[in-house]
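The structure under discussion appears below in the form of structure tokens.
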Amino acid sequence: MPQKVLLIDVDSRIPNLALMKLSTYYKMKGDEVGFNVQDPDIVYASVIFEANKHKVDGLRFYYPSAEIHIGGSGYSLSSKLPDGVEKLKPDYSLYPDNDFSIGFSTRGCIRKCSFCIVPQKEGAFQRVQHPKEWYNPEFKKIIFLDNNILADKKWFLEVANWCIEKKLSVWFSSGFDIRLLDYEIASKLLEMKFFKGIFFAWDHIEDEAVIKEKIGILKEAGFSDSRLKGCVQFYVYVDNDSEYDSGVYRCRELKKLHCNAFVMFNIRNKPTSRINKLRRWANRKALFWSIDISGYDRSKKKVGVV
């Protein structure tokens, strides 16, 4: 007898890949599945951000007779999809307004950054699927959720060439590890089409020399100053207020090198007023490129900031 399966996307900012795969799985079985299923037999809820964990507290009260499954990085780092689901192609019809393919070609990371959940959540770095296994030919855009694809240069070049052959516009949402960049990779990035830009990270002030060296390689490969400004962005991680000066310095240095900065703050810490000011200045490109942070307050009206 067919079952009724309710999917709940609590807080995803992009289509929820796990729920899309679950939708494929249950539809293959002939079950009714979706976001608006009434009187469900099974409920799957996904929480991406820990701050929203409380939003699923009442599920067992609302659906007392249903089998409840709650997962997502905001709820549990150990939660996994059922056997046989992970490799399935996502059900893109679950998000009818979506216009891009999405998935992982690799999982895990070779780094063990103190602020990052990837090693605990994903485990050791490994190839998982060629994008052709989850690509939707109806879409011209594709998002890779890979955490550090450059850890396998040969695989990255294979995937990149496939995207170029398909004439796809891409976005690697977690960015690239610029410490692994070389001339061949930089040349391939220049050849690819990106619809949200090319993202790197400058997390630690101690990496200044290698960051500047790698930006130099981008320039050698053909990235002009205007191309850098137009499509290259660095996540600048700031853990707490004590790293404010470091954050300002990194943003200023990136600006000198014609690269965009985007300040990422540890959401488990409370931002101070000057951290908020740094984020507003760096993350609003009109401000970042028109003035220095030292002139931010005096220039509010001039640049239209309220």
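Can you give me the convex hull volume of the Cα atoms of the chain, divided per residue and expressed in Å³?
154 Å³
Write out the chymotrypsin sites (Phe, Trp or Tyr not before Pro) in the range 179-239 meeting two conditions: DSSP loop, and at most 16 other Cβ atoms within 10 Å of their Cβ.
Phe195
Taking a cut-off of 12 Å between Cα atoms, list the aspartates and glutamates near Lys80, but don't count ones fewer than 8 places away on the same chain.
The reachable aspartates and glutamates, counting only those whose Cα sits under 12 Å from Lys80, are Glu122.
How do Glu122, Glu184, Glu206 line up, fewest other C-beta atoms within 10 Å first?
Listed from fewest to most nearby Cβ atoms, that is Glu206, Glu184, Glu122.
Under a cut-off of 18 Å between alpha-carbon atoms, report the lysines in cross-link reach of Lys167, not counting same-chain residues fewer than 8 places apart.
Within reach: Lys132, Lys140, Lys141, Lys188, Lys193, Lys196.
State the extension gain, in nm to one decimal, for the chain segment bounded by Asp292 and Asn269, taking 0.36 nm per residue of separation less the distance between their alpha-carbons.
Difference between extended and current length: 5.7 nm.
Would you mind ranking Thr106, Thr24, Thr272 so that the residue whose beta carbon has the fewest other beta carbons within 10 Å leads the list?
Lowest to highest Cβ neighbour count: Thr272, Thr24, Thr106.
Rule-based calculations on the coordinates, nothing more; no lab input. For clarity, every value in this text was computed on a predicted model and none was experimentally measured. Cβ atoms come from the backbone with ideal geometry, glycine included; neighbour counts cover every protein chain shown.
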